[in-house]
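Contents: one structure, followed by commentary.
Coordinate-derived values only; no laboratory data. A quick note: this is a predicted structure, and the numbers were derived from the prediction, not measured. When we count neighbours, we look across all protein chains shown, and the Cβ atoms used for this are built from the backbone with ideal geometry, even at glycine.
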Amino acid sequence: VNRRLAEFGTTIFAEMSALALRTGSINLGQGFPDTDGPEEVREAAVRALRDGRGNQYPPGPGVPELRTAIAAHQERRYGLSYDPDTEVLVTAGATEAIAAALLALLETGDEVVALEPYYDSYAACIAMAGGTRVPVTLRPHEGAFRLDLDELRAAVTDRTRLLLINTPHNPTGTVLTRAELTAIAELAVERDLLVVTDEVYEHLVFDEAEHVPLATLPGMRERTVSIGSAGKTFSFTGWKVGWVTAAPGLVAAVRSAKQFLTYVASGPFQYAVAEALALPDSYFTAFRDDMLTKRDLLATGLAEAGFGVFRPAGTYFVTTDIRPLGEQDGFAFCRALPERAGVVAIPNAVFYDHREAGAPFVRFAFCKRTGVLEEATRRLKTLG
Ligand code: PMP
Ligand code: GLN
């Protein structure tokens, strides 16, 4: 492997899921639901397969039905109007959207300011694109990981090309507030930066938190590449259907990279996701409410087991602090956890350049059946 990729090794998600299988542990590491998405959406995929829709290469930008459904979803939820023909691009999951956006928009040596901890593919894709990542660390403050806006401003230099934002945020569960996003938007406008915003957990926002798409803020629509995923919103992570919405020039740029990565993907699933996006609001509400119940179950169980718990405002992850258990090193803790308790979790340190800042934090996923979460917390309570 070349020098650009050498530092990344194997993604933590593959490593930890393999560990869970090998040890027969409950896997609260990699974020995937253990219950598939809606039956009618699965049926829609079967119908597409049977009717021969999408069994051959679909159109490069995605099938028209799905592009129209994505545009309608952005309009209905956020009042954002996108032209399905020029402002929407279907990708092989959000992962490809991130890769294609960075490969298309970065010149060698461009700096990318990203929130740290960051989803692991960000760092690898910035490197593959020849860019330089400049992490801004989210720091624990009153029970949540928060962004220091002065640090963010200080991270922008003359070489900064784009801001890479993620809200709701994996792994911390932070949902950036309207005030924080407004400050990010003002910075982007003032310094004439592009923004790539990963909003794959847009429908998983709890309590008083509100998901504010960056593209809705003043001056942002024309400079923002927004990313979504059917894997997250409809619990079909194996289908790999994601999308980009942005102004025509930006979509064209992302597409120019995407066409040489996968060309196209997920033919029949695209038709099914088009139907999924048209589900009534009750689907999205029930999905969120179900995850909220699970969040409370796991967060409470982890607190009872002695972890410091950052109760997430969004996503299906809860970040914990292991220091109250007398532990310091999340890596060592996660490696030993299958043996000690039969549970797998993710050490947040892998999402940091400043590893020491992430050392005592460990992430658990709660997109699992209630009985699984109960058994996991029962096991974790034996740790103390
Ligand atoms: N971004 C974030 C923040 C994620 O958590 C994930 C989930 N793995 C992705 C992107 C990738 O999404 P997809 O499975 O659609 O490629
Ligand atoms: N996004 C998921 C997580 O954060 C996993 C994605 C993956 O395995 N690449 O756990």
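Rounded to the nearest 500, what is the 222 nm mean residue ellipticity of the chain from helices alone, with -39500 (n - 2.57) per DSSP H run of 4+ residues and division by all residues?
It comes out at -13000 deg cm²/dmol, rounded to the nearest 500.
Net charge near G54: determine it from the other residues with C-beta under 14 Å of the C-beta of G54, scoring Lys and Arg +1 and Asp and Glu -1.
Local net charge: +2.
For E208, what charge total do you get from the other residues with a beta carbon under 13 Å from its beta carbon, if Lys and Arg give +1 and Asp and Glu give -1?
Net local charge, E208 excluded: 0.
Might you report the magnitude of the Cβ-based charge dipole of segment 39-277 about its Cα centre, with Lys and Arg at +1 and Asp and Glu at -1, to the nearest 20 debye?
The calculation lands at about 640 debye.
Sequence-distant or interchain residues sharing an amide H contact under 5 Å with I26, placed H: which?
Those lying under 5 Å, H to H, from I26 are V343, V344.
From the phi angles alone, apply the Karplus equation (6.51, -1.76, 1.60; θ = phi - 60°) to segment 194-211 and give each ³J(HN,Hα) in whole Hz, x where the residue is Gly or Pro.
7, 10, 9, 10, 8, 10, 5, 9, 3, 8, 10, 9, 10, 6, 8, 5, 9, 8
Which whole-number percent gives the relative contact order of segment 39-277, counting Cα pairs below 8 Å spaced six or more residues apart?
It comes to 31 percent, rounded to a whole number.
In terms of the ratio Rg/(2.2 N^0.38 Å) built on C-alpha atoms, what value belongs to segment 282-349?
For segment 282-349, the normalised Cα radius of gyration is 1.24.
Starting with the highest mean, order 24-32, 258-266, 307-315 by the number of other Cβ atoms within 10 Å, averaged over the residues of each peptide.
Ranking, from highest mean packing down: 307-315, 24-32, 258-266.
Calculate the spin-label point distance for S17 paired with D150, positioning each point 7 Å from the Cα along the beta-carbon direction, and give it in nanometres.
4.3 nm
Using 0.36 nm times the number of residues separating T285 and D158, minus their current alpha carbon distance, what extension gain do you get?
Value of the extension gain: 41.4 nm.
Aspartates and glutamates within cross-link reach of K258: Cα-Cα under 13 Å, excluding same-chain residues under 8 positions apart?
Leaving aside aspartates and glutamates fewer than 8 places away in the same chain, those within reach of K258 are E96.
Taking the dipole about the Cα centre of segment 1-104, with the C-beta of Lys and Arg at +1 and of Asp and Glu at -1, give me whichever of I70, L80, A99 is farthest to the positive side.
Highest projection toward the positive end goes to A99.
Around A265, under 9 Å between beta carbons, what's the net of Lys plus Arg minus Asp minus Glu among the other residues?
That works out to 0.
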